[in-house]
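The block underneath contains the structure these notes are about, expressed in structure tokens.
Read-outs throughout are calculated quantities, based only on the coordinates presented, and are distinct from any laboratory measurement. The shown structure was predicted, so the numbers you read here are calculated from the model rather than taken from an experiment. Note that each Cβ is placed from the backbone with ideal geometry, even for glycine, and that neighbours are counted across all protein chains shown.
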Amino acid sequence: MSNNELHTDLRTAVRELCSRFPDSYWRELDAREAYPEDFVKTLTETGYLAALIPEKFGGSGLGIAEASIILEEVNRSGGNSAACHAQMYIMGTLLRHGSEAQQAQYLPKIASGELRLQAFGVTEPTTGTDTTQMKTMAVRKGDRYVVNGQKVWISRVEYSDLMLLVARTTPLEEVKKKTEGLTTILVNLKDAIGNGMTVRPIRAMINHATTEVFFDNLEVPVENRIGEEGKGFRYLLDGLNAERILIAAECVGDGRWFVDRASKYAKDRVVFGRPIGQNQGIQFPIARAHVNVEAADLMRIRAAELFDAGEPCGAESNMAKLLAADASWEAANVTMQTYGGFGFAADYDVERKFRETRLYQTAPISTNLILSFIGQHVLDMPRSF
Ligand SMILES: Cc1cc2nc3c(=O)[nH]c(=O)nc-3n(C[C@H](O)[C@H](O)[C@H](O)COP(=O)(O)OP(=O)(O)OC[C@H]3O[C@@H](n4cnc5c(N)ncnc54)[C@H](O)[C@@H]3O)c2cc1C
């Protein structure tokens, strides 16, 4: 089967699955701030969430191109992949840097859905994007790490079995380079919560199951460390291109959803005796949003091709994320404007998707930080920090 045929079949199958979770499903969860348990269960049982896990561990061993199509179609259907997308990229750290024993222990269970690895603990309240300044410490005591500190915006902790935690094992003052001394540790959440780890939900603008997490002498077995001690920052960077491409695809899905809705509404809504889409003031912004979403998609496809060929793709992955996030946000604004007052009504779903796609200007990496990566690492301009 050619890649094109595979992708077309994949899109059709994911669309069919998503049709079982209509707008009303997501709208109702949003109102209750509830987790899309049935959707995540279905995406797991059908194997889509294990797309990137190699076949020998029970996954389907597909590439990032295919994984990104799955997430794109979820968002294009009106849903929100953010409920479970992190498993696809967090799992990569285990796959690339975990020991054989860790891979054999966890990956088949993640693929089958017996275990969820949905939580990723990096961001801290006082240090934000400046990751190397993080203060959470994991101090080795015999065969355990004792963890103390705090994380913020850690999503899906309450709906996951495992969390990949990034903590300092060597204080910043004692390392030669600030990127040294960070370590990745797999935390078994069922053991940890209530035994040194406390989780406090954050009420946010979107339904994202996001939380603050506090560590007070949490003990984690040393055998849960992924890779070498002190090399966690490098492992973190290794996973970023996959994350950027997957999020770009979600934004493309959002962008297409907005353009579909806006163009349909512009044809149907009659004011002053004609469809509002007959006015160029309404039609052209929708057309421009479409152009920008499709252009961003090309960069996302290019980045995915390079990634799957094992070629360097840092520049393309970052550019794809930036272009797609901007295009989906533009499309969101245009759709709100096209819908007039009805854009604000929850029943039309525009305001929900508008809030959801706004996240990608800020997380998992903000637009400014991508521009600084391009400025410094692609265009070789001076470092600003
Ligand atoms: C809903 C949600 C879910 C999240 N889920 C997770 C999660 O599961 N796990 C996790 O670890 N994190 C998560 N995050 C955190 C997210 O990755 C961060 O919010 C994001 O990286 C930005 O960090 P910050 O909020 O600390 O902003 P800051 O670092 O405080 O930055 C604030 C603003 O200043 C800008 N800025 C900062 N420094 C510079 C500079 N040198 N030059 C130019 N501009 C600059 C930034 O671009 C940003 O716009 C989530 C966040 C949200 C909102």
Point to revise | Note, ³J(HN,Hα) from phi for region 290-299, Karplus 6.51, -1.76, 1.60, rounded to Hz, x at Gly and Pro | key: 4, 4, 5, 5, 5, 5, 4, 4, 4, 5
Check your understanding: For region 234-378, what ratio Rg/Rh do Cα atoms give with a Kirkwood hydrodynamic radius?
Key -> 1.06
Practice item. Would you give the gap between the C-alpha center of region 1-33 and the C-alpha center of region 240-289, rounded to a whole Å? Key: 19
Check your understanding: Using the C-alpha gyration tensor of region 117-230, what are the square roots of 5 times its eigenvalues, in whole angstrom, with the largest one first?
Key -> 22, 17, 11
Revision key, fill the gap. In terms of the charge dipole of the chain, which places +1 on Lys and Arg and -1 on Asp and Glu at the beta carbon, the residue among 90, 133, 249 farthest towards the positive end is 133
Practice item. Enter the per residue convex hull volume of region 176-266, computed from alpha-carbon coordinates, in Å³ rounded to the nearest integer. Key: 167
Revision key, fill the gap. Here region 325-331 yields Karplus 3J(HN,Hα) values (6.51, -1.76, 1.60; θ = phi - 60°; whole Hz; Gly and Pro given as x) of 5, 5, 5, 5, 5, 4, 4
**Study point:** Size of electric dipole in the chain: Cβ of Lys, Arg +1 and of Asp, Glu -1, about Cα centre, debye, nearest 20
**Key:** 720
Practice item. Would you mind telling me which residue in 350, 147, 291 has the biggest mean-square fluctuation in a Gaussian network model of the chain, where springs connect alpha carbons within a distance under 10 angstrom? Key: 291
Review point. Residues with amide H under 5 Å of residue 136's amide H, sequence separation 5 or more or different chain, H placed in the peptide plane at 1.01 Å from N; which?
Key: 150, 168
Review point. Hey, what's the Kirkwood Rh for the chain if you take every pair of different alpha carbons, in angstrom?
Key: 21.7
Review point. Along the charge dipole of the chain, which of 117, 335, 314 sits closest to the positive end, that is, farthest toward it, with unit charges on the beta carbon of Lys, Arg, Asp and Glu (+1, +1, -1, -1)?
Key: 335
Review point. Across every pair of different alpha-carbon atoms, what Kirkwood hydrodynamic radius in Å does region 3-112 reach?
Key: 14.6
